[in-house]
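Here the structure comes first, spelled out in structure tokens, and everything after it is commentary.
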Amino acid sequence: MLENKQAALDAIEARAQIITHVADEIWSYAELSLQETRSAALYCKTLRADGFTVEEGICNIPTAFSASYGSGRPVIGILAEYDALSGLSQKAGSLERKELTPGGTGHGCGHNLLGAGAMAAAMGVKAWLESHPGSGTVVLYGCPGEEGGAAKSFMARDGLWNKLDAALTWHPEDTNEVATGSSNSCIQVQYRFTGVASHAAGAPERGRSALDAVELMNIGVQFLREHMSDKARIHYAITDTGGRSPNVVQPRATVLYMVRSNHVAEAVELQKRVDDIAKGAALMTGTTFTRQFIDGLADTVTNHTLEKVLYDNFAALGVPGHTAEEHQFADALAATYEGSDGVPGAGSKYSDEYAVQVRTLRKNAGHAMNDFLLPLYQGEAFKAGSTDVGDVSWLTPTAQIQVASWPNGCPGHSWQNVSCDRTEIGHKAAVHASKVIACAAIDLMTSPETLKAARAEFEQRTASGYVCPIPADAVPTIPD
């Protein structure tokens, strides 16, 4: 399985210090969605130095980029993310909550590792292509704003992914596995209502409450819930209540809505109904409102053919190994949260039979780190979260892996994740992920039959057609 790939593996090992340096620098920058200026610049500088042709600001997104090497087909895309999260500043390698910057940002989803590992995979494929000229092209895509901004979806609207023969990526997790199954689509829209301020007791008849409009909109959506698919979800947050004085009729108020469904076409239709409710709330209160589209992303289309390629390489390479000291740290970190003894991926994701296998592996692990590869699961599966990788998967065959980067059951978007992301545990995960992805990409470049099978499966699964959740005039936006 690893024959003919040693050049890629050697190149990744030779660049291990570069990979971990980039991961740690991105960790320290901890830039929020669509604001990853320094992170994107570091990637572009590093990739140019390695011999890639780099294009910055692709699809009119300042912090997006592409880095390519090779010629001709197949064209294999590798996806990188590098945005952080608010409120998660945290000291690295700590077993307790210690902010570096009060109220600051942190990589609670491990995107510092994700981007560095994806970059390393592209470097490995490039090293292989140098000795196999004309075998294809590898393109690393810098995709900002996964945590809010959905850059990959905007890129999908602009047709970027149509040029690829396949796309591969990974994500830090608490397991070593090939990800499979579908996920929720998601659309975010911000509604800003404007009314008329007035003395709430002296002249209430002159006031037009924007806060009333927000509350009526929320009530309208509550009644909508009875009449939508049981697989759909609607969430909201009032981000501006218009003031803190109850004796003033609030002249402004803002609410941010998120509409989800396991099918993007349904989410788009459901979003229209939410828009109509906003119009009704404005009419009832004599207010006006502006609608600001924030982002949207599609459900994920699985591709078992590509998943098998990834799994075979993952199995051949094994999983990251950990020292006694790393196990000790992981075990201690796991003691800081509940659920560290649970079954990875428990719930609706797996069949009952598969869950038994996972439970057995977890029971035999011996430590909080899941130092084992989960069996390949190719049944129907569903994950309630959302990712803009889904939009890529609607336009080209796409697959991804997960590599254990923190202990079992570590809660997502947590300080524990941030703490672990700048340790040898996180570094090993990034390097290992890069090797699996690079080897899988080489398989695709040397096996037209596999690519043909992946494309046939893709066409069958996407026969209904891609419904893009991004309006033609929308631009990536950060909500207020």
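Laboratory data are not the source of any read-out in this text; all were calculated from the coordinates shown. Quick caveat: nothing in here was measured; it's all calculated off a predicted structure. Positions of Cβ are generated from backbone atoms using ideal geometry, with glycine treated the same way; all protein chains shown enter the neighbour counts.
When you have a sec, figure out the Kirkwood radius of the range 252-371 from all distinct Cα pair distances and drop it here in Å to one decimal?
Kirkwood hydrodynamic radius for the range 252-371: 19.7 Å.
Near T446, within a Cβ-to-Cβ distance under 12 Å, what is the net charge of the other residues, with Lys and Arg +1 and Asp and Glu -1?
Summing Lys/Arg as +1 and Asp/Glu as -1 gives -2.
Using mean Cβ contacts within 10 Å as the protection proxy, how do 368-376, 266-274 order, highest first?
368-376, 266-274
Cα extents of the range 185-296 along the three principal axes, largest first, in whole Å?
50, 24, 18
Quick one: if you stick a label point 7 Å off each Cα along the C-beta vector at A49 and D276, how many nm between them?
Placing both labels 7 Å along Cα→Cβ, they lie 5.7 nm apart.
Provide the FRET efficiency to the nearest 0.05 for the R244-R291 pair, computing r from the beta carbons and using R0 = 30 Å. Spell out each step's value before the answer.
Numbers: r = 26 Å, r/R0 = 0.86.
FRET efficiency, R244 to R291: 0.70.
Quickly work out the A237-to-T323 label distance, labels modelled 7 Å from Cα along the C-beta direction, and quote it in nm with one decimal.
3.9
Give me the net charge for the shell around L270: Cβ to Cβ below 12 angstrom, other residues only, Lys and Arg +1, Asp and Glu -1.
Working: positive: R225, K231, R233, R260, K272, R273; negative: E266, E269, D275, D276.
Taking every Cβ under 12 Å from that of L270, the sum is +2.
Once the Cβ-Cβ distance between E130 and E56 is put in as r, and R0 is 22 Å, what FRET efficiency do you end up with, to the nearest 0.05?
Details: r = 24 Å, r/R0 = 1.09.
According to the calculation, E is roughly 0.40.
Given 37 °C and 0.692 mPa s, how large is the Stokes-Einstein diffusion coefficient of the range 32-128 in µm²/s, with Rh as the Kirkwood radius over Cα pairs?
221
Between A472 and N218, what is 0.36 nm times their sequence separation minus the Cα-Cα distance? Round to one decimal in nm. Before the final figure, lay out each step's value.
Details: separation 254, 0.36 × 254 = 91.44 nm, distance 2.74 nm.
Gain in length upon complete extension: 88.7 nm.
By how many nm would the segment from Q6 to K91 grow when fully extended, if each residue of separation counts as 0.36 nm and the alpha-carbon distance is taken off?
Result: 26.9 nm gained on full extension.
With no solvent and one equal point scatterer placed on each C-alpha of the chain, evaluate the Debye formula and give log10 I(q)/I(0) for q = 0.07, 0.08, 0.11 Å⁻¹, two decimals.
Debye intensities relative to I(0), on a log10 scale: -0.38, -0.49, -0.90.
How large is the Rg to Rh ratio of the range 1-60 when both quantities use alpha carbon positions and Rh follows Kirkwood?
Details: Rg = 14.3 Å, Rh = 13.4 Å.
A ratio of 1.07.
Could you check the simple spin-label distance between D158 and A16, using points 7 Å along Cα→Cβ, in nm with one decimal?
Going by the 7 Å Cα→Cβ label model, 3.8 nm.
Expressed in nm to one decimal, what extension gain is obtained for the pair A384 and L283 from 0.36 nm per residue of sequence separation less their Cα-Cα distance?
32.9 nm
When Lys and Arg each count +1 and Asp and Glu each count -1, what net charge do the other residues less than 14 Å away from G195, Cβ to Cβ, add up to?
Values: positive: R192, R206, R208, R252; negative: E205, D212, E215, D240.
Result for the local shell: 0.
Given the peptides 39-45, 124-130, 186-192, arrange them by the average over their residues of other C-beta atoms within 10 Å, most packed first.
124-130, 186-192, 39-45
When we measure straight from the Cα of K272, which lysines land under 30 angstrom away, once same-chain ones fewer than 8 places off are left out?
K272 reaches K152, K231, K349, K383.
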